[in-house]
Every structure is written in C-alpha cells, then in structure tokens.
Amino acid sequence: MLRRLQILLQRKFKILLFFLLLLALLMHMALDLALPAAPSSCSCIPKAANPLGLPPSGPLVSVQKKLSLRILQDFSGSNGSLEKGSRSLEGRPPAGGGSKMVLRDGDFEHQWEDVKSARTGRSKMAALFEHPLYNIPIPELVKEDKLFSVNPKEKFTLKNSGSDEWVSSSKAEMVLPTGKTPYDTYPTWLRFHIGINRYELYSRQDPITPTLLEELATQKIIGSVQKPGGTQLKLIMTFPNYGEALFKPMKQTRDQETPADFFYFSDFERHNAEIAAFHLDRILDFRRIPPVSGRLVNITKEIRDITTDKKLARTFFISPASNVCFFGECSYYCSTEHALCGKPDQLEGSMAALLPDKELAKRHSWRSPWRRSYHKSKKAEWELNQNYCAQVRKTPPYDSGSRLLNLIDMTVLDFLMGNMDRHHYETFEKFGNNTFLLHLDNGRGFGRHSHDEMSILAPLQQCCSIKKSTFLRLQLLATEPYRLSDVMRESLASDRLSPVLSEPHLKALDRRLQRVLDMVRVCMAKGGQKAVLVDDMGKLQKGKWQHQETRSKQA
C-alpha cells in the first residue's frame, strides 16, 4: 500500500513539474511577444533614438540594433567618442586589409525601409535641423566676436555715416517698424547685420531669416540702379525701410543646360542658382551665404519708372514682340543681342540681402589658391602639380587656423553646385584669420546636371583634409531619412519662384555627394582617419571654455 502511494506521488510530482516548466515557457513567450524591444543592459540604444526622432516604443524599436550608427551614438551620452564614431562610417576598410566590418552609405538604405512608414508625412528638413549635428553650439560670444556693437537703449534713426548704407536714393515716404523696445524699431535687414559674428552669418534658429526672405520677395521697391563693375548686369534695389538688395535677372530657363563647349568664364549667371545656393549652404549648415529669395519684378514700374541711373535708363526698349526690354552696361552680355525682356514686363530674378556697407564693416578679398587660369589654353599651377597643397599649407593665411578647412568647405559646396567660377572669396577684416569665408557670387552654379566637374574638388583631393563636422553631415545627408535631394526640394518649395531647380539638378546633388564621400574615404585609406578628419567639434568646445576662462581672468 505504501509503495503504491509512493509511486502515485512520484507520478503526480513529475506531472506537476512538467506543467510548471510548460507554464514558465509560456510566460517567457508571452513576455517576448508583449515586449519585443525590452531595454538592454546598455543604456546607449534608447538614448540614441531621440536624435533620430523615433518613438520610444512600438515595432520601430526592434530596428534600433540595426541603426547602431556611431554618428548618432556620439551625441547620445554613451561611451562612444566622436573619433570612434566616424570610424564605423568610413565605408571602405583602410589600406592593408583587416577583418573590421564597416558600414557604407549604401548599407543604410535597407536599414531604413522599416521606419519609412513611421516618418511618412514628416518634414525631412525639420528632422534634419533637429539632429544633434545641427545643434552643436558655437563658442560663447564676447564683444570681439560680434561684427557690430549696438547700444540696446538706442532706437533706430537715420544717420549719415558717409556711406550709402543708411540713406536711400528715393524721396518716397519711408516705413520703419515701431515697438515697445528699441530693438523693435530696427528693420529686419539691420537685425540681420547685427547678428553677424565670427562664427556664422546668421544663426540656425534665427526667426529673422524667414522674415527677411519674405520681405525680399514682397516689399515695395522704391529705387533701382545698376551695380557698378562685374561682367553681367545686376541691380541694387531699395526698399521703404532703408534696406537694399542685389537683383540678378533671369537669363535662361531652368531646364536649359550650359553647352559642353562653353568655357566656365563665358557662362551665364543664373538667378535660380543664387536662390538654390543659399538653400544648399543652409542645409550643409555652413550659413555663409546671405539670404536670397526669388521674385517676379515689373520692369516698367519697379525698374524703368523709378531708376535714377541715367545709363541704365537709356537701355530700355520695346521688342518686336511688344515686350519691355533693357540691357544696361557691363563687360559682357550687355547689348541688344543679350537684352533682358519681360512678358510683357514681368521678369523673374533673385533678390539677395546685401551685407553691411564696407565703410561700416570692412571686408578683405582673397584670391583663391585654386583659382583657374581663365585662359582658353593655359592651365593653372594646381592643375599641373599634384603636390600643390604642400606649398599652400606653408603660405599664410593657410599655414594656421581653419582657413584651409573653410576653403575646402567652400569647395564641397561648389562641387555640389557645379560652380567652377570661384576665383576670389571674402572675409570680414575684424575677425582676422579665425572666421568663416563668405560664399558670394554663386550664379554660375547649377549649369550642367549631366556632368560632374571633378577638378572643383582639387583642394580636397590634394590636401586630403576636411572638418569632421562637415564629413558627418555629408554622411547624414546620404541616408534615406535626410536625403539631400529631398531636403533641397522641400526647402526650395518655400520660394515664390518654385520650382527653383529641375529634377535632374536635384538628382545630381545625390550623385555628387557620393563622389565627395568616396574621395574622403580614399584619403582615409591612404593616410588614416585621424589625419584626414580634423576634429573641429572639440575645438568648438575648447573655444567656449577658453572664452569663459578669459572672462574670469579679466574679472
């Protein structure tokens, strides 16, 4: 009897144990289904989700392991440094082989397929500007870092500074802003000028920029004169609030490509290239081109009837097609054969905000070391000498500071646009060598979408140096959520002359971006990542600390 009872208990115990194990297995499976992306022991993954704009829960979290891009982890507060971060993005293994696995830009595309649906309808441009790479703080500004020192208690009044900056050629009634504070009395163009500093022409989140763009496109024009100098016709427009803008009229349609047999120095300046260059410069986070807006101008009412320029006034005529035309006076393309005609008097053009008058803020013009020969048969020295960068590095101002790296930034911008006409550039004298370069005169960009002019990248190819921040942003713009062509299309859609660029030009941006990244990777394969990527992010942080230290010492 006892033996039977013992056998029965053993059987019941085995059954009970089996059910307990089955219950544990079912509970484990239930937890896996309910929580498919439970937090791991590493705290870097959930932190890295926010810079991407991904929600913290749901099926998207399951792809976070795939999205382990070091570029994003660098800003998550995790254990990845910037130096380690960009190493996984090199795209090609360094010379000498090795078994390290690296991610290429092409690898990112399939990783993002699962998250596209969640981002549908969201602004790519807004997501881009929210990314940590577009929120790196500049050093704290001191008095020497600002272009102008303004008395915050002084209201805006018309002053005779001995220049045309503060006066208007028109006697029409002037309109000035009014407000509770003295700053409210400043017109928008003056606020733009006041905001210029050593590190940027305008800040990323500056609310003045969209306002200024709107005013450039809509404000009443009360004065119009021809800008002296230059090879092609440009006009200076005056507004009622004492502001002025540079007007470049339309010379060819958007789908008209520059002929392959044209020399770069005989090409037209395109109004839509000026507009697109401003948007591209902002998307690259350079912010070194003054705001530019497209505008439809009435040649009769806004130029001919109000101009005080007698030389310009003599060039107006009515064409056989009954359109109002003019051609002005300039070195090239100022004749009846190259006249600018309206339909019948409406003419497209770009309206660019002018920088402060040189009498108030002196600028230095620098000849580019990679300037072209501007000769039909002769080549420049840099085209014949592949070691040309070595002597540039020994020549002031390229032997110290960030001047050479800033010039390479400008080179990347020009290559993406296809601009071969960068013979000079300017800087504000007040800031010396430690400042940005002004990216002015971009009208010869976006001429040929079917051709990539690799010689524009000669500074990058020969020097094999680039800012780390620039490289990381270029990497980011090559991924699907921030695709350069998509962000540009969205940004340009806000302009009144939209579409500013044809689709082939937008697609060419993506193709050229890959060529820039490929060139940087070739450099890294030859010389190593540390030698090629210059850590300007660390310098920014140090710069901020140094300013604070200087202030404390002075105190």
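Could you tell me whether the range 197-210 includes any residue that is in a loop (DSSP other than H, G, I, E, B), farther than 26 Å from residue 414 by Cβ and not β-branched (Val, Ile, Thr)?
Yes; the residues of the range 197-210 include at least one that is in a loop (DSSP other than H, G, I, E, B), farther than 26 Å from residue 414 by Cβ and not β-branched (Val, Ile, Thr).
For the range 376-404, what are the residues that are farther than 30 Å from residue 199 by Cβ, of a type outside the set (A, V, I, L, M) and either free of Cβ contacts under 8 Å to residues at least 24 places away in the same chain or assigned to a loop (DSSP other than H, G, I, E, B) (or both)?
Selection gives 376, 377, 378, 379, 381, 385, 386, 387.
Only helices (runs of 4 or more DSSP H) wholly contained in the range 406-519 count here; list those with 3 or more residues that are under 22 Å from residue 127 (Cβ atoms) and touching a residue at least 40 places away in the same chain (Cβ under 8 Å).
The qualifying helices (runs of 4 or more DSSP H) are 468-477, 484-492.
Residues in the range 221-247 that are open to solvent by 10 Å² or more (accessible area, probe 1.4 Å) and either assigned to a strand (DSSP E or B) or within 27 Å of residue 337 (Cα to Cα) (or both): how many?
Final tally of qualifying residues: 11.
Considering the range 331-362 alone, what residues qualify as being under 30 Å from residue 201 (Cα atoms) and open to solvent by less than 50 Å² (accessible area, probe 1.4 Å)?
Passing the criteria: 347, 348, 349, 350, 351, 352, 353, 354, 355, 356, 357, 361.
Any residue that is surrounded by fewer than 22 Cβ atoms within 10 Å (Cβ to Cβ) and acidic (Asp, Glu) - is there at least one of those in the range 377-395?
Scanning the range 377-395 turns up at least one residue that is surrounded by fewer than 22 Cβ atoms within 10 Å (Cβ to Cβ) and acidic (Asp, Glu).
Quick one: what pairs do we get from the range 356-375, first residue hydroxyl-bearing (Ser, Thr, Tyr), second part of a loop (DSSP other than H, G, I, E, B) and open to solvent by less than 60 Å² (accessible area, probe 1.4 Å), C-beta under 8 Å, 6+ apart or different chains?
Partner pairs satisfying both residue conditions: 368/422; 373/380.
Just the residues that are open to solvent by 10 Å² or more (accessible area, probe 1.4 Å), of a type in the set (Val, Ile, Thr) and either closer than 22 Å to residue 268 by Cα or outside any helix (DSSP H, G or I) (or both), please, taken from the range 286-314.
306, 307, 308
Would you tally the residues in the range 271-283 being open to solvent by 10 Å² or more (accessible area, probe 1.4 Å) and either β-branched (Val, Ile, Thr) or under 18 Å from residue 512 (Cα atoms) (or both)?
Selection size over the range 271-283: 1.
Which numbered condition trips up residue 495, out of (1) farther than 27 Å from residue 435 by Cα; (2) surrounded by 18 or more Cβ atoms within 10 Å (Cβ to Cβ); (3) at pLDDT below 95?
For residue 495, the failing item is (3).
The values are calculated or read from the model by the stated rules, or taken from the named source; none is laboratory data. The shown structure was predicted, so the numbers you read here are calculated from the model rather than taken from an experiment. Heads up, the Cβs are rebuilt from the backbone with ideal geometry, glycines too, and the neighbour counts pull from every protein chain shown. Areas reflect the complete protein model, heavy atoms only, side chains present, ligands, DNA and RNA absent. Shrake-Rupley method; radii C 1.70, N 1.55, O 1.52, S 1.80 Å.
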